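Peer 1: Just passing along the structure, written as C-alpha cells.
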Amino acid sequence: MASPPEAVVMVHGLWVPGITMGLLRRRLARSGYRTYSYSYPSVRLSLTENAERLLRFCRDIRAPRLHFVGHSLGGLIALRTLERMTGFSGGRVVLLGTPFAECHAARRLARLPSGRAALGRSIPEWLEAARPQLTGDYDIGVIAGTMRLGLGCIFAPDLPSPSDGVVTVAETHVPGMRDHIVLHVSHSGMLVSGAVSRHVCAFLRNGAFATER
C-alpha cells in the first residue's frame, strides 16, 4: 500500500485572498503533495491571532509530514505558528519574498496618511517585536526576487536594491536557513513563476533548491 502524501499548507500575503496561491498550489499537487490553502484576514487581525488560527487549521490535517509555503506576510505567519506548534519535526518551510529581517517599504507606508491602517495589524506587530528563536526541527528555504516591480516602489521610492519591488533581498535572510536563492522575479510574480514552483518542489523534496539556478 502506498504511503499517504505529504501535506503542504499555502499561506498568502497581505491584501490578497488565498486564491492568489492557486497556480503554485496546483503545481505542487501535480508533484504529489496534498495541498491546503489557508485564508485569513491579513489586515484586521494581528500576527498572533492569525498564527493561532493557522495552528487550529493545521490540527485537522493528518499527514506523515506537514510543510509550509508562505508568501510575504504569509511566511511570517507560518513562522509565528511554528513557535507555538509542538511535535512539528521533519517538515520544511519555504518563504517567498518574506521580510524576515526588516521591511523598509512597510515602514515608509506607515508614515503616509492612512498608511498604518492599510498595513493592518500583522506587519507592525512583526516589525515591533523581537525575531523568533527558530529551532532546528524544520528546514527553512528562502526565495528572494530581483525584478523591481511592485507597490513598494511607489510608496518607498528609496527602496534599496536589489529588491522584488516590495521586499529587498537583504530583508529575506533568516538566521539558520538551510538554503537561499535569488531569482529574477517580482514580489507578486513569484506566485506564477515556473522557476519558483520548481525550486519550491525541490526544497520540499530534498531540503535544498534545484541545482540548476
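The values are calculated or read from the model by the stated rules, or taken from the named source; none is laboratory data. Worth saying up front: this structure is predicted, and the values here are computed from it rather than measured. Neighbour counts run over all protein chains shown; Cβ positions are idealised from the backbone, glycine included.
Peer 1: Given the criteria among the hydrophobic types (A, V, I, L, M, F, W, C), more than 24 Å from GLY120 (Cα to Cα), in contact with a helix residue (DSSP H, G or I) (Cβ under 9 Å, 6 or more places away or on another chain) and not in a loop (DSSP other than H, G, I, E, B), does LEU54 qualify? Walk me through how you get there before you give the answer.
Peer 2: Values: among the hydrophobic types (A, V, I, L, M, F, W, C): yes; more than 24 Å from GLY120 (Cα to Cα): no; in contact with a helix residue (DSSP H, G or I) (Cβ under 9 Å, 6 or more places away or on another chain): yes; not in a loop (DSSP other than H, G, I, E, B): yes.
No.
Peer 1: Another question about this same structure. Under 6 Å by Cβ, and 6 or more places apart or on different chains, what pairs join a residue from region 185-197 that is without any contact (Cβ under 8 Å) to a residue 60 or more places away in the chain with one that is in a loop (DSSP other than H, G, I, E, B) and not small (Gly, Ala, Ser)?
Peer 2: Close Cβ pairs satisfying both conditions: VAL185/MET147; SER186/MET147; SER186/LEU149; SER186/ASP164; SER193/VAL185.
Peer 1: For the subset of region 99-108 comprising residues that are of a type in the set (Gly, Ala, Ser) and part of a helix (DSSP H, G or I), which member is surrounded by the fewest Cβ atoms within 10 Å (Cβ to Cβ)?
Peer 2: The initial filter retains those residues of region 99-108 that are of a type in the set (Gly, Ala, Ser), namely 101, 105-106.
Within this subset, residues satisfying the condition of being part of a helix (DSSP H, G or I) are 105-106.
Values: ALA105: 28, ALA106: 25.
It comes out as ALA106.
Peer 1: Quick check on my filter: what residues within region 65-98 are surrounded by 24 or more Cβ atoms within 10 Å (Cβ to Cβ) and in a loop (DSSP other than H, G, I, E, B)?
Peer 2: SER72, GLY97, THR98
Peer 1: Considering every residue within region 83-98, establish whether at least one is modelled with pLDDT under 95 and either under 18 Å from LEU24 (Cβ atoms) or among the acidic types (Asp, Glu) (or both). Walk me through how you get there before you give the answer.
Peer 2: If we filter region 83-98 for residues that are modelled with pLDDT under 95, which is where we start, we get 83-91.
Subset that is either under 18 Å from LEU24 (Cβ atoms) or among the acidic types (Asp, Glu) (or both): 83, 91.
Yes, some residue in region 83-98 is modelled with pLDDT under 95 and either under 18 Å from LEU24 (Cβ atoms) or among the acidic types (Asp, Glu) (or both).
Peer 1: Another one. Being more than 17 Å from LEU24 (Cβ to Cβ) and touching an Asp or Glu at 6+ places or on another chain (Cβ under 8 Å) is the filter here, so list the residues in region 180-213 that pass it. I'd like the intermediate steps shown before the answer.
Peer 2: Kept after step one, since they are more than 17 Å from LEU24 (Cβ to Cβ), are these residues of region 180-213: 180, 182, 184, 206-208, 211-213.
Matches in region 180-213: GLY207, ALA208.
Peer 1: Continuing with this model, one more query. Could you please find all residues in region 164-182 being surrounded by 22 or more Cβ atoms within 10 Å (Cβ to Cβ) and either free of Cβ contacts under 8 Å to residues at least 40 places away in the same chain or in a loop (DSSP other than H, G, I, E, B) (or both)?
Peer 2: Matches in region 164-182: ASP164, GLY165, VAL166, VAL167.
Peer 1: Can you pull out the residues in region 119-147 that are under 30 Å from THR211 (Cα atoms) and either modelled with pLDDT of 90 or more or small (Gly, Ala, Ser) (or both)?
Peer 2: Within region 119-147, GLY136, ASP139, ILE140, GLY141, VAL142, ILE143, ALA144, GLY145, THR146, MET147 meet the criteria.
Peer 1: Taking region 5-43 as the region of interest, how many residues are of a type in the set (Phe, Trp, Tyr) and outside any strand (DSSP E or B)? Explain how you work it out, then say what you get.
Peer 2: Going through region 5-43, the residues of a type in the set (Phe, Trp, Tyr) turn out to be 15, 33, 36, 38, 40.
Restricting the remaining residues to those that are outside any strand (DSSP E or B) gives 15, 33, 40.
Here the count works out to 3.
Peer 1: Taking region 121-147 as the search range and keeping residues that are in a loop (DSSP other than H, G, I, E, B) and polar (S, T, N, Q), which one is nearest to HIS184 (Cα to Cα)?
Peer 2: If we filter region 121-147 for residues that are in a loop (DSSP other than H, G, I, E, B), which is where we start, we get 121, 129-138, 146-147.
Filter once more, so that each one left must be polar (S, T, N, Q): 133, 135, 146.
Numbers: GLN133: 30, THR135: 30, THR146: 5 Å.
Across region 121-147, the extreme among qualifying residues is THR146.
Peer 1: Would you call GLY150 within 30 Å of PRO113 (Cβ to Cβ) and assigned to a loop (DSSP other than H, G, I, E, B)?
Peer 2: The answer is yes for GLY150.
Peer 1: Still on this structure: Mind counting the residues in region 150-195 that are within 15 Å of LEU96 (Cβ to Cβ) and hydrophobic (A, V, I, L, M, F, W, C)?
Peer 2: So the count comes out to 13.
Peer 1: What is the residue count in region 30-64 for residues that are buried (at least 16 other Cβ atoms within 10 Å of the Cβ), of a type in the set (Val, Ile, Thr) and under 26 Å from ARG205 (Cβ atoms)?
Peer 2: 1
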